[in-house]
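The values are calculated or read from the model by the stated rules, or taken from the named source; none is laboratory data. Treat the numbers as computed from the prediction; the structure is a model and nothing was measured. Every residue, glycine as well, gets a Cβ built from its backbone with ideal geometry; the counts of neighbours run over all protein chains shown. When the accessible area is computed, the model is the full protein with side chains, heavy atoms only, and any ligands, DNA or RNA have been set aside. Shrake-Rupley method; radii C 1.70, N 1.55, O 1.52, S 1.80 Å.
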Amino acid sequence: MSATPAVELEHVSRIYSLPSGDVTALDDVTLSIERGEFVAIMGPSGSGKSTLLNQIGCLDLPTRGDLRLLGRSVRAMSDRELTDLRLSTIGFLFQRFNLIPVLTAYENVEFPYLIKNRRSDADGRVVTLLSLVGITGPLVNRVSTQLSGGEQQRVAIARALVNDPEIILCDEPTGNLDTKAGNQIMHLLEDLNQRGKTIVMVTHDPVMAHHAARIIDIRDGRIE
Amino acid sequence: MISTGVIFQVAVRSIRLHFLRSVLAALGIVIGVVAIASMGMMGANMTLAITDQLSDMANMLVVGPSTGGGGGGFGGFIGGGGAGDSYITEKQYQNIQKIASKYGIVYTLRSSSEYIEIGKSRGRATIYGLDTEVLPKILALQEGAFSKSITSVVIGPRLADRYGLKIGSRIDIGNPDEGSVTTVRVSGIIEERGMSFDLNTDSAIVGSDRLFTIILGGEGKYNQVNIVLSDISRVDEAKKEITDELNRRDEVISIQDSSRMLETITSSLSTMTGFVMAIAGISLLVAAVSIFNVMMMSVNERIREIGIMRSIGVQRWDIRKMFLYEAGVLGTVGAGIGAAVSFAFGYIFVFGMVGTVNYFFSPQSLLFIPYAMAVGILVCVLSGIYPAWRASNLDPVEALRAE
């Protein structure tokens, strides 16, 4: 493991200002996730686990405290820099798969590659990744809405990997899948972790959480 | 496929996904482009047709009796009901002749609308009386010849068509119930001239000055004196010299300059065309609202998709581009179809309104098609700016939560 952690949160708070008053979603969270770690974040609904994942994924910024990804503080970054960070350093997996509905499986995986590299995938990386997650043959050119949930999540994994990110963030990745498909996805994630990827997974399912090397419990915005 | 390509592709696919809605929005642009292009082409064709007809006579000065209030408008001083109270006297004509002969051909003109009878057909026609020496210099015949005989006349082609007149046909001028009738013989038919500053001969009878005097009297009294300048650049000089001499004491004559009148007509036509095009532009405004509505609906339906794109690293500018492409594609397709329809519709419209398509393929006319297309596309892209801006500024977390 490298000396610089993949993710570091120092006294991070996220407070939402609502008409009814301020709501503290994360309360003074300090956390460090090493490179190559597989961490599961568990907690009941509304505990702040998705907020924490959004912070790590640079989709949202802390109200207070500091967040560092691979040693770089994100607090002072512009929207452009944060977007670039999401493109190159982070791969996302969502509960609802979140593929772009008008694109095929191939195009969904190719999309972030084109955005980052500004050129076509001449090395066959997209096809290799789709094969790796078991999307082959006619499935490759099928529009995402014509794929099953398990197939969509596999495509989402290939998409998350296409720019070779250091960190993969998963928000209930098996939440919309049956047990068999869920287990297949978890095995893929374990495999990726063994290949050196840092995986942070939010789940409320203890069975899935036990695939991780470390489980972090969060309650009322605080790590227990 | 580069990134711009994929962003463009997503935009095009979104249009295809909502095909009917997109077609209806583009239809607004089609109508707007057709309206603007057709109106513009109609105006351009009308201007070209009129200026072409009149530009041959741009070197004309028309001297008439002073009416005490302005020039009397297009057509000079002719075509009224006889000499009336105001006329150019023989002495004034001699003065004008003395001054203006160095500038070009000077000739007098008398005209009156008279009752005519051809066989059993009756009607009215303008009778012009001119110096027979001048006639061959200012009029061209399509058939027949000029004759020095007092009772010979040349007639306009429309008059010939209307009454079936040929060379040798006889025309009775004057109402038998009111006085004497003079019978004249057609010796030639004038070529069609269209509108003119000096004399409108297409439906007229043109005879000698002497014939006019015999029929209507008024010897030495002229409706106007025309000067055909040999050098158009001397218009102002000639005008000034004649005015200085004849209007030295009182304003007895006024001069109309055909090139200025041509400018005024062209300017008026341009203003009218602009006004009509502005009205046609309202249809584009309606189309813009429709495109705006479609784009806003597209943004609202794709909030989640925008969230996904933002989360995987698509920059705000690319999101903006995606919606601008969508608006641009709608505009380009609409404007393209509009241009094709404008070409066909404009042709029919110009033929119906102007009566000729001789000028339809001229650059001044066809220019309105790319112009209307550009306006159509621009309107579309402008309509897409706010929706694109709104889409690019959505909060990724909120956008991902959208259903």
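Assorted remarks:
- Dipole check for the protein assembly as shown: with +1 at the C-beta of Lys and Arg, -1 at the C-beta of Asp and Glu, and the Cα centre as origin, the magnitude is about 660 Debye.
- Working note: 222 nm ellipticity from helices only, DSSP H runs with n ≥ 4, each -39,500 (n - 2.57), summed and divided by the residues of chain B, gives -18500 deg cm²/dmol to the nearest 500.
- Proximity of backbone amide H atoms, modeled 1.01 Å from N, is registered between A:Gly65 and A:Ser13 at under 5 Å, excluding neighbours fewer than 5 places apart on the same chain.
- The distance between label points at B:Asn393 and B:Met297 comes to 2.4 nm (points 7 Å beyond Cα on the Cα→Cβ vector).
- Amide proton proximity set for A:Leu26, modelled H, under 5 Å, gap of 5+: A:Arg14
- Number of partner chain Cβ atoms within 10 Å, mean per residue of A:89-98: 3
- Interface area, chains A and B: about 2600 Å² of buried accessible surface, summed, with a 1.4 Å probe and ligands, DNA and RNA left out.
- If you sort the three axes of the alpha carbon gyration tensor as a ≥ b ≥ c, you get a/c of 1.5 or more for chain A and a/b above b/c, which makes it prolate.
- Residues of the range B:294-315 that bury at least 40 Å² of accessible area when the other protein chains are present, relative to the chain alone (probe 1.4 Å, heavy atoms, ligands and nucleic acids excluded): B:Arg304, B:Glu305, B:Ile308, B:Arg310, B:Ser311, B:Ile312, B:Gly313, B:Gln315.
- FRET efficiency estimate (nearest 0.05) - Cβ-Cβ, A:Arg118 to B:Phe275, R0 30 angstrom: 0.05
- Taking max minus min of the alpha-carbon positions on each principal axis, the protein assembly as shown gives extents of 125, 53, 45 Å, largest first.
- Three-way shape call for chain B based on the alpha-carbon gyration tensor, with the a/c threshold at 1.5: prolate
- To put it simply, the accessible area of the range B:98-139 at a 1.4 Å probe is 46 percent carbon and sulfur.
- A straight chain from B:Leu382 to B:Phe351 at 0.36 nm per residue would run longer than the Cα-Cα distance by 7.7 nm.
- Amide hydrogen proximity for A:Ile41: with H placed 1.01 Å from N in the peptide plane, the residues at 5 or more positions away or on another chain lying under 5 Å are A:Met201, A:Val202, A:Thr203, A:Ile216.
- Compactness index (Cα Rg / 2.2 N^0.38 Å), the range B:60-230: 1.00
- Three-way shape label, the range A:174-214, alpha-carbon gyration tensor, a/c 1.5: oblate
- Free of any trypsin sites (Lys or Arg not before Pro) that DSSP assigns to a loop and that have at most 13 other C-beta atoms within 10 Å, the longest stretch within chain B is B:250-403.
- Working note: Karplus 6.51/-1.76/1.60 with θ = phi - 60° gives the range A:72-88 the couplings 9, 6, 9, 4, 8, 6, 6, 4, 4, 5, 5, 5, 4, 5, 5, 6, 9 Hz, where Gly and Pro are set to x.
- Near-label residues of the range B:7-35 by backbone N, under 16 Å of a point 7 Å along Cα→Cβ of B:Ala402: B:11, B:14-15, B:18
- Projected label points at B:Ser169 and A:Ser32, each 7 Å from Cα along the beta carbon direction, are separated by 11.3 nanometres.
- With every protein chain in place, the range B:156-300: carbon and sulfur % of accessible area (1.4 Å): 51 percent
- DSSP beta bridge pairing in the protein assembly as shown, given as percent antiparallel to the nearest 5: 65 percent
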